[in-house]
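Remarks on the structure that follows.
The values are calculated or read from the model by the stated rules, or taken from the named source; none is laboratory data. Since the model is a prediction, treat every value here as computed from it, not as a measurement. Note: ideal-geometry Cβ built from the backbone for every residue, glycine included; neighbour counts use all protein chains shown. Areas reflect the complete protein model, heavy atoms only, side chains present, ligands, DNA and RNA absent. Shrake-Rupley method; radii C 1.70, N 1.55, O 1.52, S 1.80 Å.
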Amino acid sequence: MEDTKRIQMGDGWISNGERGRDAVEAVIASAKDSLAAAGFPVRSRRFPFSMHHDAYRVRLPRMGDGQRPRHADVARLMNAWAAARPSPEDYAWQAIDGALKDMIAKDAALSGKVPEDVRNGIATVRSGADFMGWVAAEAASST
């Protein structure tokens, strides 16, 4: 599905306050530990956000200029999506979902090694389907 319309969003970043940041950081730290124990390459600075953006750049609709979204575009969209979510942890789980997609695309053998706690966490964002649905709705409403 390609949408040649530019998705319009504010450039502001979400702020869940200190408690929200702590919750996001705790989810990421816990998932990172579980994934590392299962053999996933999570010790890089790229985990989870840069990996997420790599994975979703090719999944999101094209921008108004016909180009794939840049990392900054993916970050802005994810941020706007998360601002409307009921739980700050959703932001972390969406980032982890994308990171998993990126790692598994590079090493398919990892797909059967996702720890249960991580599977359960990404299920709360429907393995990225909530984010993709939100982006599609935003794109449709900006036409």
Fill in: Filtered residue count, the range 108-143, keeping only those that are charged (D, E, K, R), under 19 Å from residue 59 (Cβ atoms) and free of Cβ contacts under 8 Å to residues at least 24 places away in the same chain
1
Worksheet entry | The one condition in (1) over 23 Å from residue 30 (Cα atoms); (2) assigned to a loop (DSSP other than H, G, I, E, B) that residue 77 fails to fulfil | (2)
Practice prompt. Within the range 49-74, count every residue that is assigned to a helix (DSSP H, G or I) and either within 21 Å of residue 119 (Cα to Cα) or in contact with a helix residue (DSSP H, G or I) (Cβ under 7 Å, 6 or more places away or on another chain) (or both).
Written response: 11
Worksheet item: Restricting to the range 102-143, what's the tally of residues that are out of contact with any helix residue (DSSP H, G or I) (no Cβ under 9 Å at 6 or more places or on another chain), hydroxyl-bearing (Ser, Thr, Tyr) and open to solvent by 60 Å² or more (accessible area, probe 1.4 Å)?
Response: 2
Worksheet item: If residue 46 satisfies every condition in (1) open to solvent by 20 Å² or more (accessible area, probe 1.4 Å); (2) in contact with a Leu (Cβ under 7 Å, 6 or more places away or on another chain); (3) outside any helix (DSSP H, G or I) but one, which is the exception?
Response: (2)
Worksheet item: How many residues, within the range 111-130, are more than 15 Å from residue 37 (Cα to Cα) and outside any helix (DSSP H, G or I)?
Response: 2
Worksheet item: Any chance the range 58-78 includes a residue that's free of Cβ contacts under 8 Å to residues at least 40 places away in the same chain, crowded, with 19+ Cβ neighbours inside 10 Å and under 21 Å from residue 20 (Cα atoms)?
Response: yes
Practice prompt. Say whether the condition of being surrounded by fewer than 21 Cβ atoms within 10 Å (Cβ to Cβ) and without any contact (Cβ under 8 Å) to a residue 24 or more places away in the chain is met by at least one residue in the range 87-101.
Written response: no
